[in-house]
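Heads up, the thing below is written out as structure tokens.
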Amino acid sequence: MKQQTDIVITGARVAGASLAIILGEMGEKVTLIDKASFPSDTLSTHHLSHLDYVDRLGVLKEVEASGLRKINRMRTYIGDSFIEGPRASYTLIPRRSHLDHVLLRKALSFPNVQLLEGRQVVDLLKTGDRVTGVVTADKKGNIENITADLVVGADGRNSKIADLAGAEKYGHHSAIRPVFYGYYHNIKPLMEPTTEIFLNEGRIGFLFPMEPGIDCLGLEVWPEEFKQMARHPEKFEEIYRSYYGMSVRMKDAVLQGDIIGTPGVANFFRHAGGKGWALIGDAGHSKDPSTGLGMNDAFMQVFLLAEAIKAFEQGTPWEDAVQSFQEERDKNLSPGYRLTLDYIQSRRSWTVEEETLFQAMAANPTVWNKIIPSLPGLLKECSADVPELYGSVVQDAENFRLKEENG
């Protein structure tokens, strides 16, 4: 069998479905292909902080309709002490089964967008060195060719499209930290919905409030801990109950489903495209989930690629359009990439002296009264090798002041 479409997108989750929405609005004939069926879950950071992208796609109200809590605060624990502050804008933590389905349903509301579920790409069609479509197979092995003007890989960090197109990686760093997470009912909440980060013994814990009564608990551990925790998932909960206040807060907690884990996430950029093909989402750029930027990065890439496609349709040669897309993508994502790598590579267990000193400082308001005026200069000095850290804090401060001034 053979089909013809304008654009094939492999991968129908955040990146693929979002691009299909924009292309559907542009009037392009789009075929989405995914080996999964929807709604379904997938490994995710869950953290959806740049809600303007979701709003621009026209699905923010529907994403919020499941009753997601609006998270307005951040709290970071070091041992038995913590620091906390407000966010300049609220965050949502949706389940991927919900978010992906909302995006996909919006994409399929356009008559020119179709979805092929339970089907995967097994090869690329080519004319000379230009990609002209894909060869797909369903679960029974039935083969179908789909020709297209452009093939977009939104199929994750192990992208088949990237592999078949020969997309090279650069800036590559191997996976650093294993990650586990699970969904829990009945964790006692804080007074306000708050993202909580636990920095203890070189591990990083995450508590993400989702719908009322449901939280996502995540944990980045040392590489040597992966096998033991994968075999004994009860260790996950044991570690979490050792964190400040969590033994009491988890007294009535019930795990929903299983603890999900991965030995780590590779860090890299890939060449963003070539003759007849392009990559978005984790297929084009992947990094450790500790900074929670994955979905937001995917949305940003989607809008950039949509601009490149518009430029192509207005007469810009595709090779020039995709090169501009890659340059803009890398310019936007490189600061967060460097910041994430520095964050993960510098994580270690605190010494007893460091932790006890911080505990004493945290409990002494006189210390903070003295230190606060010096903090900007201290932060700038400490982040000299990663200026993105200082810049991101300044940007957050400016955003917060803007929010305060606008009431």
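The values are calculated or read from the model by the stated rules, or taken from the named source; none is laboratory data. Everything numeric in this text was worked out from a predicted model, so none of it was measured. Counting neighbours? That spans all protein chains shown, and the Cβs are built from the backbone with ideal geometry, glycine included.
The table that follows gives values for the structure above.
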{"quantity": "Members of the stretch 17-53 found to be more than 30 Å from THR194 (Cα to Cα) and small (Gly, Ala, Ser), listed by number", "calculated": "ALA20, GLY24, GLY27, ALA36, SER37"}
{"quantity": "Count - residues of the stretch 169-189 that are within 30 Å of ARG338 (Cβ to Cβ) and more than 17 Å from the chain's Cα centre (by Cα)", "calculated": "6"}
{"quantity": "Helices (runs of 4 or more DSSP H) wholly inside the stretch 313-407 containing at least 1 residues that are free of Cβ contacts under 8 Å to residues at least 12 places away in the same chain and among the hydrophobic types (A, V, I, L, M, F, W, C)", "calculated": "352-362, 365-371, 375-382, 387-405"}
{"quantity": "Complete set of residues in the stretch 144-161 that are within 27 Å of LEU43 (Cα to Cα) and surrounded by fewer than 24 Cβ atoms within 10 Å (Cβ to Cβ)", "calculated": "GLY156, ARG157, ASN158, LYS160"}
{"quantity": "Matching residues, the stretch 289-320, being buried (at least 21 other Cβ atoms within 10 Å of the Cβ), among the small types (Gly, Ala, Ser) and closer than 15 Å to GLU28 by Cβ", "calculated": "ALA308"}
{"quantity": "Some residue of the stretch 249-272 being of a type in the set (Ser, Thr, Tyr), without any contact (Cβ under 8 Å) to a residue 60 or more places away in the chain and over 30 Å from VAL131 (Cα atoms)", "calculated": "no"}
{"quantity": "Residue satisfying condition, being within 30 Å of GLU196 (Cα to Cα), of a type in the set (Asp, Glu) and not assigned by TED's automatic domain parsing to the domain that holds TYR244, within set ASP320, ASP288", "calculated": "ASP288"}
{"quantity": "Condition check for GLU220: surrounded by fewer than 18 Cβ atoms within 10 Å (Cβ to Cβ), outside the structural domain of LEU164 (by TED's automatic domain parsing) and of a type in the set (Asp, Glu)", "calculated": "no"}
{"quantity": "In the stretch 230-252, residue surrounded by the fewest Cβ atoms within 10 Å (Cβ to Cβ) [restricted to those that are assigned to a loop (DSSP other than H, G, I, E, B) and more than 26 Å from the chain's Cα centre (by Cα)]", "calculated": "ASP252"}
{"quantity": "Only listed residue being of a type in the set (A, V, I, L, M), crowded, with 16+ Cβ neighbours inside 10 Å and modelled with pLDDT under 95, chosen from LEU115, LEU48", "calculated": "LEU48"}
{"quantity": "All positions within the stretch 22-36 that are of a type in the set (A, V, I, L, M, F, W, C), buried (at least 19 other Cβ atoms within 10 Å of the Cβ) and part of a helix (DSSP H, G or I)", "calculated": "ILE22, LEU23"}
{"quantity": "Condition met for ILE280 (buried (at least 22 other Cβ atoms within 10 Å of the Cβ), in contact with a helix residue (DSSP H, G or I) (Cβ under 9 Å, 6 or more places away or on another chain) and either of a type in the set (A, V, I, L, M, F, W, C) or within 24 Å of TYR181 (Cβ to Cβ) (or both))", "calculated": "yes"}
{"quantity": "Failed condition for ALA88, given (1) surrounded by fewer than 21 Cβ atoms within 10 Å (Cβ to Cβ); (2) more than 30 Å from MET361 (Cα to Cα)", "calculated": "(2)"}
{"quantity": "Of all residues in the stretch 60-97 being in a helix (DSSP H, G or I) and touching a residue at least 12 places away in the same chain (Cβ under 8 Å), the one that is farthest from THR351 (Cα to Cα)", "calculated": "GLU62"}
{"quantity": "Residue in the stretch 340-355 that is nearest to TYR244 (Cα to Cα), counting only those that are at pLDDT below 85, surrounded by 15 or more Cβ atoms within 10 Å (Cβ to Cβ) and not charged (D, E, K, R)", "calculated": "TRP350"}
{"quantity": "Yes/no for ILE78 being among the β-branched types (Val, Ile, Thr), surrounded by 18 or more Cβ atoms within 10 Å (Cβ to Cβ) and assigned by TED's automatic domain parsing to the domain that holds ASN142", "calculated": "no"}
{"quantity": "Breaking point among (1) in the same structural domain as GLY281 (by TED's automatic domain parsing); (2) not in a helix (DSSP H, G or I), for GLY16", "calculated": "(2)"}
{"quantity": "Residue list for the stretch 159-189, filter: within 30 Å of GLY274 (Cβ to Cβ), at pLDDT 95 or above and assigned to a loop (DSSP other than H, G, I, E, B)", "calculated": "SER159, GLY166, ALA167, GLU168"}
{"quantity": "ASP100 part of a helix (DSSP H, G or I) and crowded, with 16+ Cβ neighbours inside 10 Å", "calculated": "yes"}
{"quantity": "Answer residue from the stretch 190-219, given it is assigned to a loop (DSSP other than H, G, I, E, B) and free of Cβ contacts under 8 Å to residues at least 60 places away in the same chain and is nearest to the chain's Cα centre (by Cα) among those", "calculated": "GLY213"}
